[in-house]
Structure formats: structure tokens, C-alpha cells
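Just so it is clear, none of the values below were taken in a lab; they were calculated from the coordinates. All values reported here derive from a predicted model rather than from experimental measurement. Cβ: placed from backbone, ideal geometry, glycine included. Neighbour counts: every protein chain shown.
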Amino acid sequence: MKDQTRLVTLGRDSKHNHGIVNPPVYHASTVLFPTWQALKTKDQRPGRNVNYGLHGTPTQFALEDALTGLDGGFRAKLFPSGQAAVAAAILAVVQAGDHALIADSVYGPTRNFCDTYFPRFNIEHDYYDPLIGAGISECLRPNTRLVYVESPGSNTFEVQDVPAIAAALKPSGVKVVMDNTWASPLYFKPFTQGVDLSVQAITKYISGHSDVMMGAVTATEEAWPEVEKTARLFGQCAAPDDCYLALRGLRTLAVRLRYQQQAALALARWFEARPEVARVLHPALPGCPGHEYWKRDFTGATGLFGVLLKPRPEAALASMFDGFELFGLGYSWGGYESLLIPTGEGTRRSIGRWHEQGALLRVQVGLEAVEDLIADLEAGFTRLSQYHE
Ligand SMILES: *Cc1c(COP(=O)(O)O)cnc(C)c1O
């Protein structure tokens, strides 16, 4: 079956829920055992047994199963935010004495996590050029255990050669953890490209309506036990009402992304033709670093891309931003409404350097009509260019 069909059928079990289409929401901490004997012989295998709220109920399992079905991999675990999933995936792989390699274009809070907690845990780490590909072999040390990839990178959108990295690491058994939030498992299949653990912020496209915080880690069978253990011992779980919302969002992922892909490409091309714009960073456009890997490995592009403006005074930018009617000024993305935000902190680098002088903006394209979005942007660029100090 096609993914579009699977999005409708995965994680549903109407036969055991009175014929009701959507899986019900179970709120639980305590789960009662009918007898002494049942308590003593309860299945102790972690992960799939309803014996305590923290370990999951059929509500969480429905979403986890749906994600696994879409992602590939062995099992998925839910976390209370994307960032919690990032931290857990990393801690499921490394321990004291290990060395980790992190893409230099990584999501800012992931960088902060590594820079803050790795020294405390006596884990060494280096950043690598996201376009390194098979050259990752040269960065390995005898104690390297983890290579962290994020493709495309946050804010600067470098697409990585994930299969080449994974293939180069295979002989040494180094684990590849990937942040796959941008493409979602609809447009990039991490496990067919050699990834061991895939992280997603469900907060973004899966939930899709700007009202849920959640993350997920999907893992191969080999990597799974450490993910499950990390979640359990750090006490991480996702709330049942949020799981219900995320599962409801998942049902429409294919139609939302199809529109957002098309609308984002239309806007990206419009930006490219504007005199106020220095560069557009969109994985599906040839100017984007690593575009050839996007073409080879991804089955689509989503609605998030970067626009580098020519240098303008800050007050001119403020005048542009303060007048938008449709483009909201706010963090996160993946919802049904469009957003536009400057990404100053998002261009931090450890090995390379971001040389551009103009403001780098991140565009999140929602479900509005393209004509209306362009009219909003056109008026914004008029405010930008007409501003005089
Ligand atoms: C937003 C985001 C996260 C973190 O998700 P939260 O749910 O906001 O914690 C992780 N990775 C990427 C690439 C993101 O964009």
C-alpha cells in the first residue's frame, strides 16, 4: 500500500473498540491486576504491556505503531517534546569515555545539549561539515560511538549524504542518529538509508496544528532496548490527549504536505526573483548545498525553507515584520498557518563560519492560498524598501 493509504489505516483497531474509528484516549497511572497471580506473572518485558501509565497504554501504542509503520524500524517511543526525544536518542547511544560526531548544521538546542551535558558525562565530541559524506571515516576515533545527522540542517538547509555516511560507518559499528523532522517519514525513509535511530519532533508536521508538544524516537531492533530503557529510567512519556491529537494530525499528513510542498516551492521561486533577496535556501532548488542528495534520497520537500535578505537596517526589518497580516512571528513550524522568523542564533558554527551579512529568515508555509501569501510578502517588501532612517 502507498503511504497515503497507510496514514489512514495505521494504528487503528476498530474491531476491539466497539467499531469506533479513532483509538480511544486512556488516561492512566494505576492499572489494576485482577489477582495476586496476575500481578506475580505479569509480563515483565518492557514496552508493550499495560501495567503502569508511564510505560504506555493503548493510546500511546496506537501512535507508536503508526509511526513505526510509516518510518520503518522496529519500534517507536514517544517523548514529551522533540527536544526530549533528541536527548534520549543521544543518551541511548553514548556513555562516559565515548566520542561523538555532530553535524555542524544541527538544531541549536541539540548543539546546546551536547555542549552542556557531554563534558559532564566525560563524553568527547566534535562537529563535522554536514557535506562531508563518506569523508566522515577520517573523523573517526577508536572511541567514536555516535554520528548525529540532521538533513536538511536547521535554518541553513544543507542536505547530507546520509547513505554514504551510514555506509562508511557500517564496518566500525558506529551508530547513526538522525533528526528527520524536516522531511517527516513521508518524504525520507531513514531506515532504508542506513540510520539506526530516527528522531522527530511530532510537534511539527505530524501533529500539524500548532497545539501539541511531542517527540518520537524510532529505532532498529538492535538499538531499541537502550531507547526503551532511557525513556523508562528518565521517566519520559507523552500525554494521552496529545497522542490523540497527534494521531488525528497524522491522518492528514499526506494531503497537508503535498499542498505545503507546492506552495513553498511557489513562494521560494517568487523570493528568488525579488531584488531584496540575496539567496533562497530550499533543498529542492539547485542553489541549496547538497541539493543532489535531496534529489536522490527524498521523495518530496516540505514547507520550510530559508531566505537570505540583502543587508538592511534592523529598523527596516522591524517595519516589515510588524505589518504582516498572515505571516506570524513565532517559533516552531509545521502547523497549518504561515510563519516568518529571523534565525540569528541558528547559524552558529564550530568548524565553518556563516559569512553572510544580511538577515536569514525562516519561512514556514501553511495552508493559505499562495496568492494571499504573496500579497502579504509583497506589502512587507514595500515596507522594507521604503523604510528610511
Ligand atoms: C523543533 C525541532 C526539534 C525540537 O522539537 P520540540 O518539540 O520543539 O522540542 C528538534 N529538531 C528539529 C529539527 C526541530 O525543528
In sequence order, calculated HN-Hα J values of the range 355-361 (Karplus, 6.51, -1.76, 1.60; Hz; x Gly/Pro): 8, 5, 8, x, 6, 9, 10
Which of ASP196, ASP3, ASP13, ASP65 has the fewest Cβ neighbours within 10 Å, and the rest in rising order: ASP13, ASP3, ASP65, ASP196
Under-5 Å amide H pairs with PHE74, H placed in peptide plane, nonlocal only: ALA219, THR220, GLU221
Whole-Å distance, taken between Cα centres, linking the range 343-376 and the range 164-185: 26 Å
Degrees, to the nearest 10: 224-233 long Cα axis against longest axis of the chain: 90 degrees
For the range 36-131: rounded, prolate or oblate by the Cα gyration tensor [a/c cutoff 1.5]: prolate
For HIS282, HIS355, HIS27, HIS125, order by how many other beta-carbon atoms lie within 10 Å, fewest first: HIS355, HIS27, HIS125, HIS282
Rounded, prolate or oblate (a/c below 1.5 giving rounded, otherwise prolate when a/b exceeds b/c) for the range 279-389 by Cα gyration tensor: oblate
Approximate spin-label separation ASP372-SER385, in nm, with each point projected 7 Å along Cα-to-Cβ: 2.6 nm
Angle between the chain longest axis and helix 240-251 axis [Cα atoms, degrees, rounded to 10]: 60 degrees
Residues whose placed amide H lies under 5 Å from that of TYR387, excluding near-sequence neighbours: none
Calculated log₁₀ intensity ratio I(q)/I(0) where the Debye formula runs over C-alpha points of the chain, q = 0.11 Å⁻¹: -0.80
Sorted by Cβ neighbour density within 10 Å, fewest at the top, the residues TYR127, TYR259: TYR259, TYR127
Dipole in debye (nearest 20) - the chain, about Cα centre, beta carbon charges: Lys, Arg +1; Asp, Glu -1: 1080 debye
Cβ-derived FRET efficiency at R0 25 Å, LEU329 paired with ASP115, nearest 0.05: 0.35
Aspartates and glutamates with Cα under 17 Å of LYS295, excluding same-chain neighbours fewer than 8 positions away: GLU150, GLU158, ASP161
Lys, Arg +1 and Asp, Glu -1 on Cβ, resulting dipole of the range 190-304 about Cα centre, debye, nearest 20: 520 debye
Phi-based couplings in Hz for the range 281-291 (Karplus 6.51, -1.76, 1.60; Gly and Pro marked x): 10, 9, x, 8, 10, x, x, 7, x, x, 3
Pairwise FRET efficiency - ASP241 versus THR35, Cβ, R0 = 35 Å, nearest 0.05: 0.65
Cα lying deepest toward the dipole's positive end in the chain, options LEU140, PRO23, PRO275, charges on Cβ: PRO23
For the range 176-191, Karplus couplings with θ = phi - 60° (6.51, -1.76, 1.60), whole Hz, Gly/Pro x: 9, 9, 10, 8, 10, 5, 4, 7, 6, x, 6, 10, 8, 9, x, 7
q = 0.16, 0.21 Å⁻¹: log10 I(q)/I(0) that the Debye formula gives for the range 179-262, counting C-alpha atoms only: -0.68, -1.06
Simple Cβ-charge dipole of the range 2-52, Lys/Arg +1 and Asp/Glu -1, about Cα centre, in debye nearest 20: 140 debye
Expected 222 nm ellipticity per residue - DSSP helices of 4 or more, -39500 (n - 2.57), all of the chain, to 500: -10500 deg cm²/dmol
Amide H contacts of ALA278 (H built 1.01 Å from N, under 5 Å, at least 5 apart or other chain): LEU308, LEU309, LYS310
